[in-house]
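Written below as C-alpha cells is the structure these notes are about.
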Amino acid sequence: MAARIEQLVTSGEFSLDGGTWQVDNNVWIVGDDTEAVVIDAAHDAAAIHAALGGRRLLAVVSTHAHNDHVDAAPALSALNGGAPVLLHPADQVLWRRTHPDREPDAALADGQELPVAGTVLTVLHTPGHSPGAVSLYAPELGTVFTGDTLFAGGPGATGRSFSDFPTIVASIRERLLTLPPETVVRTGHGDSTTIGAEAPHLPEWIARGH
C-alpha cells in the first residue's frame with residue numbers, strides 16, 4: 001500500500017522568552033496501514049496515538065524544538081513502544097527547556113533519509129527559526145514538511161531567542177525554493193501552499209524583514 005499523508009490539528013500553548021500564546025499546530029502522519037512516522041508531536045499525545053490507529057510508529061520526527069512542536073513527543077513515544085524521538089542536535093538547547101530530564105533518542109542530520117511505507121523523507125537542515133530547524137522533503141509524495149521555516153505568506157518568525165532572519169532567508173532561498181514549483185508545502189501551523197506560489201515573494205519578505 002502506498003504511503004499517504006494525514007493531518008491532525010492539536011491546540012495548546014507556545015512559550016518562549018517569558019511570553020505564552022495559544023496556538024493550533026499541524027501534526028503530520030506519513031505512512032500506510034501498517035507503519036508511520038509522526039512529524040511534530042504537538043500538545044496531545046493521546047489524540048495522535050488514536051490517529052495512528054494501531055500502526056507501528058517508526059519515529060517521532062521533530063522539525064524543531066519549540067515547546068509546541070515537541071511537548072507531546074516523549075509521551076507519544078511511550079505510548080508506542082519507545083519509538084525514537086528524532087531532533088537536530090543544534091536544537092538541544094531549546095529541547096531542554098521543555099524536557100530537561102529526557103533527551104531525544106537520536107540526532108537528525110542534513111541529507112539523512114528516513115524510510116517509511118515504501119517512500120523516503122530526506123532531512124534538509126533549514127535553520128533560522130531555530131538553530132536546528134529542519135524540513136523533510138518527500139519527492140515521491142510531491143511535498144515538503146517545513147515546520148515553522150516557511151508558511152503560506154512568508155518565513156517563520158525570527159524575533160525571539162535562538163532565531164535569525166538572514167539565516168532563515170538563506171535556508172528558504174537555497175534549500176526550499178530550489179525544489180520543484182509544484183511541491184506542496186505542509187507547514188507547522190495554518191494552511192498548506194506550494195513552492196511555486198511562494199517563490200516570487202522572496203524579495204518582498206526580505207524587504208519586510210522579520
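Data for the structure
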item: Strands (runs of 3 or more DSSP E) lying entirely in the range 82-160 (those with 1 or more residues that are exposed (fewer than 15 other Cβ atoms within 10 Å of the Cβ)); result: 113-116
item: Residue list for the range 8-48, filter: in contact (Cβ under 8 Å) with a residue 12 or more places away in the chain, within 21 Å of Leu94 (Cβ to Cβ), among the small types (Gly, Ala, Ser) and out of contact with any Lys or Arg (no Cβ under 9 Å at 6 or more places or on another chain); result: Ser11, Gly12, Ala41, Ala42, Ala45
item: Residue, nearest to Glu13 (Cα to Cα), within the range 161-176, restricted to residues that are assigned to a loop (DSSP other than H, G, I, E, B) and polar (S, T, N, Q); result: Ser161
item: Pair list, Cβ < 7 Å and 6+ apart or interchain, from the range 102-116 residues that are at negative phi to residues that are assigned to a strand (DSSP E or B) and of a type in the set (Gly, Ala, Ser); result: Leu114/Ala59; Val116/Gly31; Val116/Ala36
item: Which listed residue, of Ser171, Ser192, Ser161, is out of contact with any helix residue (DSSP H, G or I) (no Cβ under 7 Å at 6 or more places or on another chain) and closer than 15 Å to Trp28 by Cα; result: Ser192
item: Subset of the range 134-161 (residues that are closer than 21 Å to Gly19 by Cα and touching a residue at least 60 places away in the same chain (Cβ under 8 Å)); result: Gly147, Asp148, Thr149, Arg160, Ser161
item: All positions within the range 162-176 that are open to solvent by 40 Å² or more (accessible area, probe 1.4 Å) and touching a residue at least 40 places away in the same chain (Cβ under 8 Å); result: Phe162, Thr167, Arg175
item: Residue match in the range 177-185 (condition: within 21 Å of His66 (Cα to Cα), at pLDDT 95 or above and either open to solvent by 20 Å² or more (accessible area, probe 1.4 Å) or not in a helix (DSSP H, G or I) (or both)); result: yes
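Residue-by-condition table, conditions (1) in a loop (DSSP other than H, G, I, E, B); (2) at pLDDT 95 or above; (3) among the polar types (S, T, N, Q); (4) under 15 Å from Ala107 (Cα atoms):
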| site | (1), (2), (3), (4) |
| --- | --- |
| Asn26 | no, yes, yes, no |
| Val37 | no, yes, no, no |
| Ala47 | no, yes, no, no |
| Ala50 | no, yes, no, no |
| Val60 | no, yes, no, yes |
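The values are calculated or read from the model by the stated rules, or taken from the named source; none is laboratory data. Not measured: the values here are computed from a predicted model. Don't worry about glycine lacking a Cβ; one is built from the backbone with ideal geometry, like all the others, and counts go over all protein chains shown. Surface areas here come from the heavy atoms of the whole protein model, side chains and all, with no ligands, DNA or RNA. Shrake-Rupley method; radii C 1.70, N 1.55, O 1.52, S 1.80 Å.
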